[in-house]
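The structure under discussion appears below in the form of structure tokens.
The values are calculated or read from the model by the stated rules, or taken from the named source; none is laboratory data. Keep in mind that what you see is a predicted model, and the values were worked out from it rather than measured. Note that each Cβ is placed from the backbone with ideal geometry, even for glycine, and that neighbours are counted across all protein chains shown. Areas reflect the complete protein model, heavy atoms only, side chains present, ligands, DNA and RNA absent. Shrake-Rupley method; radii C 1.70, N 1.55, O 1.52, S 1.80 Å.
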Amino acid sequence: MMAAGPESTRSAQSKIAALLGDVDAPGSFSSRRTASPDDLWLEVRGVGQLHVPIPTGQARELRRIARPARYGLGEQTLIDPTVRDTWEIPRSRVKIDKRRWNRTLLPILDELAAALGMPAGSRLIAELHSMLVYTRGQFFRPHQDSEKDDRMVASLVITLPGTFSGGSLVVEHRGERTVYRSSKDKLSFVAFYADCRHEVRPVRSGHRVVLTYNLMLAEDDAGPARPVPGVDTALAALLRNHFQTPIRSRWRDAEGPAPNRLVYLLDHQYTERGLSWTRLKGGDAVRAAALRGAADRADCDVAVGLADVHETWSCTDEEWDGWHDRRGWTDPDDADEDDADEWADSPPDSNAYELGELLDSGITVDSCIDPSGAAAEPLVARVDDTEVCATTPSVQLEPYESEHEGYMGNYGNTMDRWYRRAAVLIWPRVRAFEVHAEASPGWALSTLADHIRAGDVATARTLAATLEPFWDATARGTREPDVVASALRVAADLDRADVAAMLLRPLRLESLTCRHVPDLVAVAARYGDGWSGALLAGWFTAPSPFDHTGQLDRRSWVASLAPLCDALRTADRAPGARIALLLLHDTWAWLDAEITRSREIRRPSDRDQALAELAAPIAGFLAGVAVGAADDLRDAAIATLCADDAPVSCLVQALRHVAHQTPADARVAAGVDAVRRHCAPRLAARLARPVRADHDWSIADPGGCDCDLCATLGDFLADPARRRFEWPIKQESRRHVHSRIDRDELPVDHRTIRKGRPYTLVLAKTRALFEREAQARRRDEADLAWLDDRVGAGR
């Protein structure tokens, strides 16, 4: 993956990737050794001492006491012979004379450690996992081993000599594949890094018996790889260039600040428990060491972490010319007469697609570790393309998950692929605060608070000012109560109005609770009413109508506004009452706009739902003005709420909420009587209208369109005697009429008779007309009875 950005920045990143690619990484992802079986004294409970090579009779005895082998899929352990078809003998039944065996095993482990490119002085420890027995036709599909121990770095498969055929072990990494076959008279030792995909091809005849081991790196000998001489100097220069080059926007002709980070993706993946500078695999260890040395030369800090890479590709279905041909197993370098048709009868991979163009990518990084081995300070969550480079593109690696999306409307085939890779993160030491702060607003505020407590307010101001380029994006939506409280306290203690406003601007209004009142009052007292009013107005910027979660949060917060206003008015400082009044004024401005927007929704059911959802916020506002003693604001708001065309049902529901949460002696201050005096007569007037006669099929036309088609539709709707209308009109006209009926939810059934030219649109009024009016009348009766009983009685 190469970054998108200015040419000079891309050049620095691509040069870093190329330079590290040229580093002579010792070893390979897998390696093989052979040895005489003389030192292997092996006994299996239930079978006895084994003879090597294993005779057919003993092999059958092993099969008799074995159990079907399981395999891991995520958190599950499964038995599925279509994925793994072999027999397993647990290590508890296997006894090995370790003293004799170590004479062969230990020297070979040293050779394998060097062959895998382990740092000098590293020592591998082999832990027996199980014994496996493959009989004719058995196999293990491509898979990846789980790292079962924090120190585990690789797997070891020891194939016992025998006369079986087939059963080759295939190991793959970065698009490179190696096929390992057994020996008829020697032990075959194959070691490979645990994240390499590997498989066992079907056994064609006989019995394949293997011992599997987990390979751990001995902690006492482990150490990071040493930097490659001469490389760190060139890398340091490229790092300085990367961190000094401004980023040009892809969307507009402008430059932004230079990047604060470089994230170099390594080739292998690691578990969170197993990630360590001392356990990096092969070329990862050497390249990480080179970057570590270069970072020190360039006055940068460094950490290693776990990256999760998500890529979306365009793709097309592969042309399939046969299973083993597509897999490439007829390559003369790999196949022999035993393996030529091993998978000839196997089905093709239904998820095989040819990737086209990279459409989108995203990277997140976590679990970062500094060079001391300790967890690093917060560094980064999501990584921008301008901060990333890699010698090996992710597409050359095996994804841990992929998902294909076929053709959907205007969208073509796409393939989503997810990869796990280790990553080295580098950032300039002079920008360490910004780097950590961008990753964690809570950490940033805590650090500023530490400087303030130490009496170094000047440093705190200087550091806080460096947050401005990214603080809005980083801190927006912060909801943790402790972080909000810390932001309010730090903003007050900085004693700089502009910096304080910048720190508090991204906070969400909905984060304010009664526990924040002392800190909110303190910061308002420090900077004055004008500053406080501007801050609150910014917080009250309405969430987007498309932000459903934000809308719900705002409504819930307003619905419970009264306790916050009460806490503000009873605070020790006078600014509390003024903040409460500002909050109430801003709340009403937001609420008034929401009511207007909801009433303008065309579809009746959506409009009714939107207004119903505002009942609790209206009640919260009215309860708030009661405790906030905002009589003038209350009267102005009620005058608007009680306009002639006000949504009466919504207001009655609001009164129900007020009655539930406001003491009886505070309801006058909340305007309950005024709202009741508006609602009750209107409900009574609606109920005084005569019930629709059974023969009256007239429907009120909601209007909204003056075209001739809608005029004709309106005539049909208004006619009390006419229930059915057959209307020959063209397709475009039918669509328009359909949309009017559906949008306004008219009680009219519509269908098309597809005969003649043009087709005939048949409209029929339905009984829903009567049912809706009956339901509305029952609701009005219940609301009026409640008003007379509960509100009228002052309860």
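Sequence-distant contacts, meaning Cα pairs under 8 Å at least 6 residues apart, place the relative contact order of region 101-244 at 36 percent. Per-residue ellipticity at 222 nm computed for the chain from its helices equals -12500 deg cm²/dmol, with DSSP H segments shorter than 4 residues left out and the rest contributing -39,500 (n - 2.57).
Approximating the spin labels as points 7 Å out from Cα along Cα→Cβ, the Ala458-to-Thr316 distance works out to 6.7 nm. Take the Cβ atoms of Asp296 and Lys98, set R0 to 30 Å, and the FRET efficiency comes out at 0.10. Peptides 460-468, 473-481 ordered by packing proxy, namely the average of other Cβ atoms within 10 Å per residue, highest first: 460-468, 473-481. Along its three principal directions, the equivalent ellipsoid of region 692-795 from the Cα gyration tensor extends over semi-axes of 37, 14, 11 Å, largest first. Would you mind classifying region 21-133 by shape? Square roots of the alpha carbon gyration tensor eigenvalues, ordered a ≥ b ≥ c; an a/c under 1.5 is rounded, otherwise it is prolate if a/b is larger than b/c and oblate if not. Cα axes put region 21-133 in the oblate bin.
Rounded to whole numbers, the Karplus 3J(HN,Hα) couplings from phi for region 127-136 are 10, 4, 9, 5, 10, 10, 10, 9, 9, 3 Hz, using 6.51 cos²θ - 1.76 cosθ + 1.60 with θ = phi - 60°, and x at Gly and Pro. The three principal axes of the C-alpha atoms in region 577-694 carry coordinate ranges of 59, 31, 23 Å, sorted with the longest axis first.
Between the C-alpha center of region 725-795 and that of region 693-711 there is a gap of 10 Å. Annotation: lysines with alpha-carbon distance below 27 angstrom to Lys186 (same-chain offsets under eight excluded): Lys95, Lys98.
Specify which labelled value, from (i) 12, 29, 28, 23, 8, 0; (ii) 12, 28, 26, 19, 10, 4, 1, 0; (iii) 16, 47, 31, 6, 0, agrees with P(r) over Cα pairs in 20 Å bins from 0, in percent derived from the coordinates of the model shown. Computed from these coordinates, P(r) over Cα pairs in 20 Å bins from 0, in percent corresponds to label (i).
The phi-based Karplus calculation (6.51 cos²θ - 1.76 cosθ + 1.60; θ = phi - 60°) puts the 3J(HN,Hα) values of region 491-501 at 4, 5, 6, 5, 6, 9, 4, 5, 5, 4, 4 Hz, whole numbers, x for Gly and Pro. With protein chains left intact and a 1.4 Å probe, residues in region 144-225 average 31 Å² of accessible area per residue.
Rounded to the nearest 0.05, what FRET efficiency is calculated for Thr712 and Glu600 with R0 set to 25 Å and r the Cβ-Cβ distance? The computed FRET efficiency comes out at 0.45. Projected label points at Glu357 and Asp608, each 7 Å from Cα along the beta carbon direction, are separated by 4.8 nanometres.
Backbone geometry of region 155-160 corresponds, through the Karplus equation with coefficients 6.51, -1.76 and 1.60 at θ = phi - 60°, to 3J(HN,Hα) couplings of 10, 10, 10, 10, 8, 6 Hz, x marking Gly and Pro. The distance from the alpha carbon centre of region 625-652 to that of region 176-200 is 79 Å, rounded to a whole number.
Taking 0.36 nm per residue of separation and subtracting the current Cα-Cα distance, fully stretching the chain between Glu43 and Arg476 would add 149.4 nm.
Going 7 Å from the Cα of Ser14 in the Cα-to-Cβ direction, what parts of region 379-397 have a backbone nitrogen less than 19 Å from that spot? Answer for region 379-397: 385-396.
With each label modelled as a point 7 angstrom along the Cα→C-beta vector, the Glu726-Asp150 pair spans 8.4 nm.
With Cα atoms defining each centre, region 408-475 and region 62-121 are spaced 44 Å apart in the structure. Each Cα pair under 8 Å and six or more residues apart adds its separation to the average, and for the chain the resulting relative contact order is 9 percent.
Rounded to 0.05, the FRET efficiency of the Arg777 and Arg751 pair, given R0 = 30 Å and the Cβ-Cβ distance, is 0.50.
A full extension of the chain between Arg64 and Asp110 corresponds to an added length of 13.0 nm, given 0.36 nm per residue minus the alpha carbon distance.
Each peptide among 676-684, 720-728, 518-526 gets the average number of other Cβ atoms lying within 10 Å of its residues, and from highest to lowest they stand as 518-526, 676-684, 720-728.
Extension gain, Arg692 to Arg181: 0.36 nm times the residue separation minus the Cα-Cα distance gives 175.0 nm. Cysteines of the chain lacking any other cysteine Cβ under 4.7 Å from their own Cβ: Cys196, Cys300, Cys315, Cys368, Cys389, Cys514, Cys565, Cys642, Cys650, Cys679, Cys707.
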